Every structure is written in C-alpha cells, then in structure tokens.
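> Have a look at the structure that comes next, please.
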Amino acid sequence: MKKSVPAILVLFVLSGFCGLVYQVAWLRMLTLTFGSTVYAVSTLLTAFMGGLALGSAVIGRLTPRIRRPLLVYGLLELVIGLYGLSTPWMFKTLDGLYILIYQQVTPGASTFAALRFVMAMVILIIPTMLMGGTLPVLARFVIRKREQAGTGAGILYFANTAGAVIGCFTAGFVLIPMLGLRMAILVAAVLNGLVFVFAAMLSKRFGEPLETVPDAPAPLSSPASALPGNAAMRRLFFVFFFLTGMASLAYEVYWTRILVLYLGSSVYAFSVMLVVLLLGLALGSLICAPLSDRLRPAGLAGWFGAVELGIGLAILVQVQQFKTLSETMGNMGMALGEPSYTKMIIVFFFATAQVMLIPTVLMGASFPLAAKAVSGSLRRVGRDLGDLYSVNTLGAIVGSFAGGFILIPLLGVQWSMGVTAALNVAVGGVALVTARKGKGGMALLAPLPIVLVLGYVLLFNTLYPMDQVLTSAGVFNHRGFAEVIHFEEDAQATITVENVRDTRGDWRSISLNGVNVAGTAIDLLAVQKMQGHLPLLVHGNARSVLHIGFGSGGTAHAVSKYPDVEHIRVAEISPGVIRTAARYFEDVNHKFWLTDDRVKITYCDGRNFILAAPQTFDVILSDSIHPRYAGNGSLYTKEYYELCRSKLNAGGVVSQWLPFYSLTDENLRMIFKSFQAVFPETYVFYVNSTINPFTVVLGRVAGEKIDVARMAELLAIPSVHADLEDIGQTDPVRILDNFLFGREALEGYVKGVPFHTDDWPAVEYYSSKLLSRTWSWRDNFDVLLSYRHPVIPLLDWGGMPEEERQRITGELQQSYLATGHNLAGHSLILHGEQEPALEEFAEALRLNPADQEPWEYTRFYLAGRGFPAGM
C-alpha cells in the first residue's frame, strides 16, 4: 500500500485539476442561460457545492462496505468524465425548459429562485456528487491506521487542492483562451478516463479486499472529560467545521468584491485570486497534516482554536494591508521595469498573496486537525471524512449567501469582514475552552469566547474607518483629478460617483466596480444621446424599445423623447445604478422613468432577459460594459446577436455600443464579424464632434436603406430637436455625417478573422492583456478610418422634394470632405502630433465653416492653442 500512495496522490492531483476545469467551464456555460447576476451565479455555485456535500456524505457512508476503493474511485472518475463530455449538449437543451419556467413565474420572485436552483441541481447533481465522494473513498484505502487519520486526510486534501490550483491556472490562462470551453471540458474528460485506467491498474496490483483490515473501535466509552472519542465532542468539531466553512466562503465573496477594484475586472484577475486562495488551502493542509497525528485530543482542540484566532488576527492585519496595497503594487511594477502582461500577472500574484496567503494557509491547516478530531474507527474513516467535508461545504453555502446577500448590503464589505472574523474568534475561543475541559479553571475560562469577540469587534471598529478596504484602491486614487462623492454597495456591485476635472472640463462619472459606465463629459454625453437617437432615427417607426444597461439614464431618456414609442423596457443588473442615476444625474435623465408610464425597469442580466422574455421589440439597444471585462464578453458574441435577432420585430434595428480602445485589432474585427453575420445590413457610426473611442453599430436583417425623409420628420419633433440641440445634431446632414462605413466595407475589414463565440470568449482573454488604452485606441481608430466611405449610396429619399434632396446631398458631400480632415486631426492628436492636427482642424473649418459648435472638444483644444474664439 505504501508503494501505491505516491501514484494515488498523483491521480488525486489530476482529479482536482479536472474538477476545477469543469467548475470554471460549467459555471461559465450555465450563466449564459441562468444569467450573470450575483443571485444567478450564487444559485449555480450553491448547486455545485450542494452536490459535493451530498456526495461526500452519501458515498462516505457507503465506504465501510467498499472492498476495492481504488477501483471504485476510478469508476467515479470515469463516470464524471463521460458526464462531462455530454454537458455542452445538456446545457444547451436546458434553455427551452428555463424559458418556459421564466415565462410562467415572475422573475426575481422566491419561487423563481427556487425553481432555478432545482434546475441547476438537476443538471449538476450527478457529477458533483461523484466528485464529492472521491475523498472519502480514497481515504478508505490510504488511511490504514487510526493514528494516521490526520496525516492521511491532510495529504489527500493537499493533493486534490493542489490539482485544483493547477486546474484553475491552466483553465484561466491556457485551456479556455487557446481552445475554448468545449475543448477544455474534453481535456478534463480525457484525463478522467486516464485516472480510471491507472486506478484500475493500481487496484489490481495493490487493492486487496479491505474486509480483512481490523476494525479498531473509537473509545466512545471514554470519560466525558476526554476529547475526541467522546461523541459529544466529536459533534462539537462538526459544528466548528460548519462555522469555519461559512467564514471561508464569506471571505472569498469579500475578497472578490475588494480585489476587483485593485486588480481590475479581467478574467485573469479572477483566476489569480482563486489560484492564491486554493494554494493557501493546499499549503495549510500539507503543513499541518503531520502535526495533527502527534497531538493529544486536548492538543487538537487547542491548535484548532489557535488557528481560528490566527485567522481573526490575519483579517485584522489584512484591512491595513489593503490600505497600502495599491502603493505596494505600484512599487512592485516599477521594480520589475518596463511594463508587460507577464509582469502584470506577477504583480497580481504577489499582491494577492500578500493579503490572502496567511489566512488561507490557516484555513487549510484546520482540515487535518478536524479530520483527526472526528475520526472514529478505522473502518469508518471514509464515512467520518465524508461527513466532515459535507458539513464544511454546507457551511460554505450558507456563508456565501449570508456574505453576499445579507452582510454586504447591510454592513458594507469592510464591516462584513470584521463580523465574519469575529465568528472565527468565537470558534477559536470555544475551542480553547474545550481544550481545558477537565483540567480545572473552567469557571474562569468560560467567558473567554465572549471577551475575545467583544474585544475583537471593539479593536476593529477603533482601528479602521468605514469602507477603507475599498476606497484605498488605486482606481479611486486620481491624484486630485477626481473626488469620490458617492459610494454604495449592493449585492451586485460597488457603485461610485466621481467629480472629475480634466481636459474635458468638470464632469461626473458613474462607475461599477471601478469601471466607468457613463458620465457628463462632453464626449460621453454625445455618445449616450446618439446611442438612443440613432437607431430610432434609422428605424423610423419604432413602437417598442429594449434598452440593456441604464448607466446615467441618458440613452433611455433620449428614447423617451419620441412620442410614437409606446413601450420602453430597461434591463439593468443593479438597482443601485438606478438609485444613483436619480440622485446624481438628474440633469442627464430628468428622472423620466418616474413619470413616464411607458417605462418599465427590470433588474436582471440583459442577455438572460433577451433569452427568456416573451416580448419582441422594434429596437434593441445593447449598451453594456466594455467586452474585455470578465463576464461582459457574452454580450458581444455571435450567439448573443442571434438572440437579439430572435426578439426583433420585422424591420427592426439592433444598436450595439462598441468601444475600440483596450481591444486588440483581431478582437475588434471578431466582434464586428459576429455582428454582421447576424445583421447583414450593418452601419457603423462614430460621433465625430468629439474625440472619443466609441462606435455605435446599427444592424438590420433586411437590406433596407436609411429613409432620409422620415429622419427629417422625426428630427422636427420638438422634444427630439431640443434633446439633440444640446450636442449639435439637429438635422439629417449632421446625423449622417457621423457615418463611418457600411456592409461592403465591413466585409473587407473582417475578412479572415474567426467569429467571437460563447464557446471561445477570446475578447475577455486576449484584450485583457493589453496595457495601453491609448495605443489600442489610436491603432484601431486609424484602421477604422481607412475603411470610411460616404453614406449617400445607402440613403432612401422617399417623397422628399428634389430641391431639398439636392441641398442635403450637397451638404453631405461638403461635410464628408471636411469631416475627413477633422477625423485626421483626431488621429494626429492620438499620435501626439499637435501642430499637424491643428492644420487639419483649420482645413475642416475652411471647408465647412458652419460646423463651429463651441462645446466641441476639438474647439476647446483649438482655443487652448490660441485659435480665435469663434473656432
């Protein structure tokens, strides 16, 4: 048996590897159906962990009757692999059932949440139960002496968690970026099959039937003063491990919420966080495993208590570490020299390890201690470990829910950390008192847990002001250029409003998790308004509009200016965004939704709404966050656009806000190609009155032309005219002058690149490696400009009088030439060539002297360079 242990540990490393690959891939695939709200993701995680807990408990109870545990372990892995191969198909067929339930039950209601959990549990229960059963089954083979229960359990936990570390890193940095989700699952399934083959070989060579192993009973009849061995005390350790499981997953929720502000919202940042967390757990179990078997019962309780108190102390120190983390990361980056993607990841790892490694090592150290403490007879070792792992996982489910949905909205993330750490301190205090049981002085020690908790809470409150762990993030450190004037945490995100002063003047920004989503800067205002007006002007007769992503409310407010629109549906993931927009951006949105009966706001994931909602729309405005951020790429895939098309009425228009900064050239082309594949008639607009890194992309299924006569009628509506007057876009010429290119040019632009798909979310992985926003903005802008062509061939003049048609055609031709110089000036500014840019602007004004809106960014720039006030 001793000869087989190293090989078994290697196999269990592979099991952990496959388990994490499956978890990452399955959860990503399932969020495409269930949505990416915190509630939906928590439902999926709960189902995943619930299956692990159930499998650990149920299969653990069967282990005493298993004669060949190595063979059984191999069979478990084989079935996991076979099931894994079928999951892409199974998840796809789930869409129909989900849509049916969504349309029958009110989304957001508790009944719907319960049904969503049941659906997730049904789809995940088989593989997760089998995964949960592997630890107790292997423990049945590896642990041959009760005196080695702690070491055996700790080493197995270390091996499996170490595999999870490798699996998490490989999935996030190699498999999914290079191969996609389905191929990542295939790799894991193949490895499951290899584990089965080698486990079967090891069983044949080393796995003699285990009924011959003596059944040494645990000393359950020991005096009540003795520790483990006493049934009551063993139950107490199960309670301890349930509570520490609660705390551990709650910390994971907090750290994710905090570190996204320090590391950013990229998929790599999340992978780094999870790798460090799992690494700490693995190291802690490895370090403490040999110690656990050398301790007497009282020593187990004493060490367990010390570990829990250590976690509380580590969290106390961690809050201070967050205060200086941005500075530490900056210093590390400078020490590494010239910035690069690899160096960025190194900084992420070291910065994350600095704050997370000590508490996670201590968490990992608690497992072998608890495993030794609850071990009964040798024959029951698998059952005992299964029960222990099960209660810990159930605690993790409760902790994840309580941390994300109760404590953070109620207390904020910083005080949630303090309250959770106080739970560790309480467990530690009780464990220390328990260690002294029967040794005298109990009356004096009994109040110890209460004293420790009260002292800890008082110290935490004294040392740290509210929200320090979040507001210390570098994303809020603008060196005097911005001031945070609003800070809010809801279950979905951290929402802030900043007063900003830069070359665009004084303006306000609203951000989610540190990422700007809207603002009052002149370039943002112009794009926000045009995102609402352009699709309605091109459609001509829209009656129903869906707007995804509320932001400051400027886009939806623009839609409300059209009296013929009868229904305006807004899908927004965070209620806090709506509250913040009402309070700080009333000058942008005028709180129109409070008085406009046409408006209905649904708090949900936008893609999930389009998938399941029964309504169809004339116009769909997809106004989501930048596609490079984790989870947002799914709103820029071919499958997403196909969903939009399925909910579009005949003659409908889809509008996509598409930035071109912080995207690789290929990734940007992939998104455009995916869009045009679904909407053959595609128009790309760039609001050229301001220097900005955004396009507004419109798509139609049919090859209809733009009705200029109808556009003129809509622009003459007083409410529409007044709203567009703020940005100088009140006539068809000015609107159409923002046109960059259409279908034919786009076909040349996207030739040779693959589609951006749900299976291969390349944008999130490859564009996240870009370090310079400005360089990518500049390079992509230059390429887009090279495909620019006149809009006139795409126009339908309808019944417009010939004289008016000739006037508009002439002005469009003149504007096209002038705007070409204006755009060249934009490009030269991005290249740092200021004097040539001024010459281009001057030529643009010479060709089109009527285009002198004083609010334009370029005019501000010219005025700053000494040009006449009228320019």
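Here, each number is a calculation from the coordinates, and none is a lab measurement. Just so we're clear, the structure is a prediction, and the values are computed from it rather than from any experiment. Counting neighbours? That spans all protein chains shown, and the Cβs are built from the backbone with ideal geometry, glycine included.
> How far apart, in nanometres, would the label points at S772 and V122 be if each is projected 7 angstrom from Cα along the Cα-to-Cβ direction?
In this crude label model, S772 to V122 measures out at 5.3 nm.
> Follow-up. Reported to two decimal places, what Rg/Rh ratio describes region 589-676 when computed on Cα atoms with Rh from the Kirkwood expression?
Result: Rg/Rh = 1.00.
> Let me ask something else about it. List the pair-distance distribution P(r) of the chain, using every Cα-Cα distance, as the percent of pairs falling in each 20 Å bin from 0 up to the bin containing the longest distance, rounded to whole percents.
Computed distribution, short to long bins: 14, 42, 29, 12, 2, 0.
> Continuing with the same structure: Net charge within 12 Å of S56 by Cβ-Cβ distance, Lys/Arg positive one each and Asp/Glu negative one each, not counting S56 itself?
It works out to a net charge of 0.
> Right, here's the next one. Fully extended, how many nm does the chain gain between M90 and V5 (0.36 nm per residue separation, minus their Cα-Cα distance)? Intermediate values should be presented prior to the final figure.
On the way: separation 85, 0.36 × 85 = 30.60 nm, distance 3.63 nm.
In short, 27.0 nm is gained.
> Mind giving me the FRET efficiency for I406 and E483? R0 is 22 Å, r the Cβ-Cβ distance, nearest 0.05 is fine.
Result of the calculation: an efficiency of 0.10.
> OK, next. Can you tell me what percent of all Cα-Cα pairs in region 463-610 are more than 26 Å apart?
For region 463-610, the fraction of Cα-Cα distances above 26 Å is 28 percent.
> I need the Kirkwood Rh of region 39-171: take the reciprocal of the average 1/r across all distinct C-alpha pairs and report it in angstrom.
Across region 39-171, the inverse of the average 1/r is 16.7 Å.
> Show me 18-25, 111-118 ranked by packing, highest mean number of other Cβ atoms within 10 Å first.
18-25, 111-118
> Among F350, G310, Q320, which residue has its Cα furthest toward the positive end of the charge dipole of region 293-353, with +1 on Lys/Arg Cβ and -1 on Asp/Glu Cβ?
Of F350, G310, Q320, it is G310.
> Grab the Cα-Cα distance for A850 and A353, subtract it from 0.36 nm times how many residues apart they are, and report the gain in nm with one decimal.
173.0 nm
> Could you calculate the FRET efficiency of E833 with H567 from 1/(1 + (r/R0)^6), where r is the beta carbon distance between them and R0 is 56 Å, rounded to 0.05?
Step by step, r from the Cβ atoms, then E = 0.70.
> Okay, next question. Distance cut-off 25 Å, Cα to Cα: go down the list K343/K638; K92/K638; K591/K638; K92/K600; K92/K647; K323/K343 and report the pairs above it. Please report the intermediate quantities before stating the final value.
Values: K343/K638 33 Å; K92/K638 15 Å; K591/K638 34 Å; K92/K600 30 Å; K92/K647 19 Å; K323/K343 22 Å.
Where the Cα-Cα span goes over 25 Å, the pairs concerned are K343/K638; K591/K638; K92/K600.
> If I take R0 = 45 Å and measure r between the Cβ atoms of E744 and A113 in this structure, what FRET efficiency does the formula 1/(1 + (r/R0)^6) give, to the nearest 0.05?
On the way: r = 48 Å, r/R0 = 1.07.
After rounding, the FRET efficiency stands at 0.40.
> If every alpha-carbon in region 577-617 counts as one equal scatterer, what log10 I(q)/I(0) does Debye give at q = 0.15, 0.19, 0.33 1/Å?
For region 577-617 at q = 0.15, 0.19, 0.33 Å⁻¹, log10 I(q)/I(0) is -0.49, -0.71, -1.09.
> Moving on. Taking the Cβ of A612 as the centre, find all other residues whose Cβ is under 12 Å away and add up their charges (Lys, Arg: +1; Asp, Glu: -1).
Details: positive: R116, R607, K647; negative: D95, D605.
Within the 12 Å Cβ shell, the charges total +1.
> Work the Kirkwood hydrodynamic radius out for region 276-425: mean of 1/r over every pair of different alpha-carbon atoms, inverted, in Å.
After inverting the pairwise mean of 1/r, the radius is 17.4 Å.
> Further question on the same structure: If amide hydrogens are placed 1.01 Å from N in the peptide plane, which non-local residues have theirs closer than 5 Å to the one on D467?
Under 5 Å from the amide H of D467 lie the amide H atoms of Q414, W415, each far enough along the sequence or on another chain.
> Please figure out what share of the DSSP beta bridges in the chain is antiparallel and state it in percent, rounded to the nearest 5.
So the antiparallel bridges amount to about 60 percent of the total.
> Something else about it: Over region 755-839, what per residue volume does the convex hull of the Cα atoms give, in whole Å³?
130
> In nm, to one decimal, how far is the I450 label point from the I601 one, both placed 7 Å along Cα→Cβ?
4.6
> Continuing with the same structure: Translational diffusion coefficient of region 37-96 at 4 °C, 1.567 mPa s, Stokes-Einstein with Kirkwood Rh over Cα pairs, in µm²/s as a whole number.
Rounded to a whole number, D works out at 93 µm²/s.
> Once you order the gyration tensor axes a ≥ b ≥ c over the Cα atoms, which shape class does region 675-781 get: rounded for a/c under 1.5, otherwise prolate or oblate by comparing a/b with b/c?
Details: a/c = 2.56, a/b = 1.55, b/c = 1.65.
Taking the square roots of the gyration eigenvalues as a ≥ b ≥ c, region 675-781 is oblate.
> A further question follows. Convert each backbone phi in region 714-720 into a coupling constant with the Karplus relation 6.51 cos²θ - 1.76 cosθ + 1.60 (shift: θ = phi - 60°), then list the ³J(HN,Hα) values in order as whole Hz, x for Gly and Pro.
5, 5, 7, 4, x, 5, 5
> In square nanometres, what is one fourth of the surface area of the convex hull spanned by the alpha carbons of region 522-590?
Details: hull surface 18.1 nm².
Directional mean of the projected Cα hull area for region 522-590 stands at 4.5 nm².
> A follow-up question, please. Give the distance, in whole Å, between the Cα centre of region 483-530 and the Cα centre of region 546-603.
16
> At a 10 angstrom cut-off on C-beta neighbours, averaged per residue, how do the peptides 155-166, 193-204, 67-78 rank from highest to lowest?
Result, highest mean first: 155-166, 67-78, 193-204.
> Follow-up question, since we're still on this one. Please give the peptides 576-584, 411-419, 93-101 ranked by average Cβ packing (other Cβ atoms within 10 Å per residue), highest first, as a rough proxy for protection.
Ranking, from highest mean packing down: 411-419, 576-584, 93-101.
> Another question about this same structure. Would you calculate the separation in nanometres between label points at N331 and N541, each defined as 7 Å from the Cα along the Cα-to-beta-carbon direction?
According to this spin-label approximation, the distance is 6.8 nm.
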